[in-house]
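Some notes on the structure that comes next.
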């Protein structure tokens, strides 16, 4: 699978409704972040966890989220962010990036 996103792209995390441990925490689902960089392409860990050890590789991205995007009452520095790695199928495009990750679009 060809990567759809590059550094600086704004992405929204989808909620695919998958049960169990799927490497996409609930607290980032539906939120918007900025791709920091591509982290490579790997077999889908959701398939690997149930014994499917072949198939196409899936792009993985490191995505940064402003802490206030995830927790609106966050009282720390507005520039603070959380970086997390997310697989391509959990992401959708969300428009142009702001000047910095901590700013609203």
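Could you tell me whether segment 69-78 includes any residue that is buried (at least 16 other Cβ atoms within 10 Å of the Cβ), at pLDDT below 95 and on the phi < 0 side of the Ramachandran plot?
Yes, segment 69-78 has at least one match.
For residue 85, which of the numbered conditions (1) free of Cβ contacts under 8 Å to residues at least 24 places away in the same chain; (2) closer than 23 Å to residue 9 by Cβ fails to hold?
(1)
Exactly one of (1) free of Cβ contacts under 8 Å to residues at least 24 places away in the same chain; (2) under 14 Å from residue 90 (Cα atoms); (3) touching a strand residue (DSSP E or B) at 6+ places or on another chain (Cβ under 8 Å) is unmet by residue 31. Its number?
(1)
If a residue has to be surrounded by fewer than 15 Cβ atoms within 10 Å (Cβ to Cβ), part of a loop (DSSP other than H, G, I, E, B) and in contact (Cβ under 8 Å) with a residue 24 or more places away in the chain to count, how many in segment 34-56 make the cut?
So the count comes out to 2.
May I ask you to verify whether residue 103 is at pLDDT below 95 and not in a loop (DSSP other than H, G, I, E, B)?
no
Quickly run through segment 8-28 and pick out the residues that are free of Cβ contacts under 8 Å to residues at least 12 places away in the same chain and on the phi > 0 side of the Ramachandran plot.
17, the sole residue that qualifies.
Conditions (1) in contact with a strand residue (DSSP E or B) (Cβ under 7 Å, 6 or more places away or on another chain); (2) in a loop (DSSP other than H, G, I, E, B), marked per residue:
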{"position": "3", "(1), (2)": "yes, yes"}
{"position": "7", "(1), (2)": "yes, yes"}
{"position": "18", "(1), (2)": "no, yes"}
{"position": "21", "(1), (2)": "no, yes"}
{"position": "24", "(1), (2)": "yes, yes"}
{"position": "58", "(1), (2)": "yes, no"}
{"position": "64", "(1), (2)": "yes, no"}
{"position": "83", "(1), (2)": "yes, no"}
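What number goes with the only condition from (1) farther than 17 Å from residue 92 by Cα; (2) at pLDDT 95 or above that residue 19 does not pass?
Result: residue 19 passes all but (2).
The values are calculated or read from the model by the stated rules, or taken from the named source; none is laboratory data. All values reported here derive from a predicted model rather than from experimental measurement. For neighbour counting, all protein chains shown are included, and Cβ atoms are generated from backbone atoms with ideal geometry for every residue, glycine included.
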